[in-house]
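Novice: After the structure tokens below, expect a handful of questions from me.
The values are calculated or read from the model by the stated rules, or taken from the named source; none is laboratory data. Predicted model only: the values in this text are computed from it and were never measured. Here the Cβ positions follow ideal geometry from the backbone for every residue, glycine too, while neighbour counts run over all protein chains shown.
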Amino acid sequence: MIHFDEARKLILENTGIISGTEILPLNSCYNRILACDIISERNIPPADNSAMDGYAVISADTINATSSAPVKLNIIAEVQAGGALYSGKLTHGNAVRIMTGAQIPAGADAVIPFEDTEEKESIASLFTSVEKNENIRFAGEDIKSGNIVFSAGTRIDSAQIGQIASMNLTEVPVFRKPRVSIISTGDEIVEPGSADADGKIINSNAYVLFNEVQKYGGDPEYLGIAKDNYDDVKEKFEKAMGSDIIICSGGVSMGRYDFIPDVLKSYGTEILIHKIAMKPGKPVVFGILNNSLFFGLPGNPVSVMISFIEFVRPSLLKLCGSRQIHKPEISAVLKETIHKKPERRHFVRGIYTVKNGTVFVKTTGEQGSGILSSMAAANCLIILPEGMVTAEAGTSVTIQLIQHGEVSVSG
């Protein structure tokens, strides 16, 4: 049985970055991973412009302006966003009426908003002063021409799409999606909606895995349920060949009807991991099957989810080309005492809350590896390390966030 940290290190060491890229239009690149650096060829904003509707002024002219003693300036022109530029240079005693986004006239160094003024017969009365550079957005303050805006390996979200569009780009180079084959195993398993469900276990694992793979950038294909015989398992593996990742749930232990180990041997699979010192999720298998990464996950639903989060997810993200692969871990105050055996690292499903700046956490209740509701209710995993026997209420523990801005923490 291998230590948890050693297992994850070994998996990531054997995971490369996927070969193959594609060029996608902006509206098709959400949640994909950049395959090369994005360098801006223009300043954003392209020129100094107004952040307000108001008057472009020389700030020194506004000193000591108050509502009882307003400063009066002559309005000599108006500029609109996208309209003609003011061709002259602003001089003392004058102002230019300006709209949000319009280019700042030469000579002006501030903008005073309309609500702090009053206009009458081409005279602007200013009721307050403005500082130099106030309400001006400067050329390149968001993006400077020639700068690397996003590096290869960046996950593309809505804000990134907006910035890329602002650079006048319409297409994005991204890594291709890894192909992931998913297989369920067991004579006792039937699909949801089956007429033959009495006494059977409804397949939930395949649907969890399918959606988790999609969530983290893979292209999943569900190959169905392999029955407990060698030929059926072999047939499913033949269909999975050529995938970047193959995931099986169940059938990887040493039971009489667990045929996956035999099928793996028939392909000359290099098994690197067979058991991991963790709970739930001990019977995880990892190996190299031809050119595919193979993950054999336990059959219990919670074990499947946690072993996917801890091992398959970071491997999939690395394969996708992402530079950020680990979920964030923070400290929290435990609200109840938890007992455990010392041999393995435990991942306890928890709910964290924040009160007066302090993070508190409690369990979701019963923690059996078949109780999927314990996972559905959780927003974090309470990590209790090897060697620990009791985590006392009121002490600090490490929690790993489940629901958060995904892949937002470097790893």
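Novice: Is there any pair with a first residue in the stretch 180-199 that is over 30 Å from LEU319 (Cα atoms) and in contact (Cβ under 8 Å) with a residue 40 or more places away in the chain and a second that is not in a strand (DSSP E or B) and not polar (S, T, N, Q) whose Cβ atoms are under 6 Å apart and which are 6 or more apart or on different chains, and what are they?
Specialist: Matching pairs, first to second residue: ASP187/LYS227; ASP187/ASP228.
Novice: Moving on to the next point. Can you pull out the residues in the stretch 56-83 that are exposed (fewer than 15 other Cβ atoms within 10 Å of the Cβ) and not in a strand (DSSP E or B)?
Specialist: Result: ALA60, ILE63, ASN64, THR66, SER67, SER68, ALA69, GLN80, ALA81, GLY82, GLY83.
Novice: Taking the stretch 157-192 as the search range and keeping residues that are touching a Gly at 6+ places or on another chain (Cβ under 7 Å), in a strand (DSSP E or B) and not polar (S, T, N, Q), which one is surrounded by the most Cβ atoms within 10 Å (Cβ to Cβ)?
Specialist: Keep residues of the stretch 157-192 that are touching a Gly at 6+ places or on another chain (Cβ under 7 Å), which gives 175-178, 180, 184-186.
Narrowing the set further to residues that are in a strand (DSSP E or B) leaves 175, 180, 184-185.
Of the ones still in play, those that are also not polar (S, T, N, Q) are 175, 180.
Details: PHE175: 23, VAL180: 29.
Of everything passing the filter in the stretch 157-192, VAL180 is surrounded by the most Cβ atoms within 10 Å (Cβ to Cβ).
Novice: Follow-up question, since we're still on this one. When you scan the stretch 186-215, how many residues do you find that are modelled with pLDDT of 95 or more and among the aliphatic types (A, V, I, L, M)?
Specialist: 4
Novice: Filter the stretch 109-142 down to residues that are under 43 Å from the mean Cα position of the chain (by Cα) and of a type in the set (A, V, I, L, M) and give me whichever is surrounded by the fewest Cβ atoms within 10 Å (Cβ to Cβ).
Specialist: Of everything passing the filter in the stretch 109-142, ALA139 is surrounded by the fewest Cβ atoms within 10 Å (Cβ to Cβ).
Novice: Just for the stretch 200-214: of the residues that are polar (S, T, N, Q) and out of contact with any helix residue (DSSP H, G or I) (no Cβ under 6 Å at 6 or more places or on another chain), which one is farthest from GLY299 (Cα to Cα)? Walk me through it before giving the result.
Specialist: Taking the stretch 200-214 and keeping what is polar (S, T, N, Q), we get 203-205, 211, 214.
Restricting the remaining residues to those that are out of contact with any helix residue (DSSP H, G or I) (no Cβ under 6 Å at 6 or more places or on another chain) gives 203, 211, 214.
Working: ASN203: 10, ASN211: 17, GLN214: 20 Å.
The qualifying residue farthest from GLY299 (Cα to Cα) is GLN214.
Novice: What are the residues in the stretch 133-175 that are β-branched (Val, Ile, Thr) and within 30 Å of ILE58 (Cβ to Cβ), if any?
Specialist: Applying the first criterion (β-branched (Val, Ile, Thr)) to the stretch 133-175 yields 136, 143, 148-149, 154, 156, 161, 164, 170, 172, 174.
Hits for the stretch 133-175 are ILE136, ILE143.
Novice: Would you mind stating whether SER145 is surrounded by 14 or more Cβ atoms within 10 Å (Cβ to Cβ) and in a loop (DSSP other than H, G, I, E, B)?
Specialist: On the way: surrounded by 14 or more Cβ atoms within 10 Å (Cβ to Cβ): yes; in a loop (DSSP other than H, G, I, E, B): yes.
Yes.
Novice: Name the residue, out of VAL263, VAL312, that is in a helix (DSSP H, G or I) and either within 28 Å of the chain's Cα centre (by Cα) or more than 22 Å from ALA226 (Cα to Cα) (or both).
Specialist: Numbers: VAL263 fails: either within 28 Å of the chain's Cα centre (by Cα) or more than 22 Å from ALA226 (Cα to Cα) (or both).
None of the other options fit; the residue is VAL312.
Novice: Additional query: So how many residues does the stretch 2-55 have that are part of a loop (DSSP other than H, G, I, E, B) and at negative phi?
Specialist: First pass over the stretch 2-55, keeping only residues part of a loop (DSSP other than H, G, I, E, B): 3, 14-20, 29-32, 35-37, 40-43, 45-48, 51-53.
If we keep only those that are at negative phi as well, we get 3, 14-19, 29-30, 32, 35-37, 40-43, 45-48, 51-53.
Result for the stretch 2-55: 24.
Novice: Looking at the stretch 194-220, which of its residues are farther than 13 Å from ILE247 by Cα and assigned to a loop (DSSP other than H, G, I, E, B)?
Specialist: Passing the criteria: SER194, ALA195, ASP196, ALA197, ASP198, GLY199, LYS200, ASN203, SER204, TYR216, GLY217.
Novice: Let me ask something else. Name the one entry in ALA159, ALA165 that is in contact (Cβ under 8 Å) with a residue 60 or more places away in the chain and under 30 Å from GLU41 (Cβ atoms). Break it down stepwise before answering.
Specialist: Details: ALA159 fails: in contact (Cβ under 8 Å) with a residue 60 or more places away in the chain.
Going through ALA159, ALA165 in turn, just one is in contact (Cβ under 8 Å) with a residue 60 or more places away in the chain and under 30 Å from GLU41 (Cβ atoms): ALA165.
Novice: Sticking with this structure for a sec: With the checklist (1) in a loop (DSSP other than H, G, I, E, B); (2) exposed (fewer than 15 other Cβ atoms within 10 Å of the Cβ) in hand, flag the one item TYR86 doesn't pass.
Specialist: Only one criterion is unmet by TYR86, namely (2).
Quick grid of which residues meet (1) among the hydroxyl-bearing types (Ser, Thr, Tyr); (2) under 30 Å from LEU85 (Cβ atoms); (3) outside the structural domain of VAL96 (by TED's automatic domain parsing):
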{"position": "ASN31", "(1), (2), (3)": "no, no, yes"}
{"position": "ASP53", "(1), (2), (3)": "no, yes, no"}
{"position": "ILE63", "(1), (2), (3)": "no, yes, no"}
{"position": "THR66", "(1), (2), (3)": "yes, no, no"}
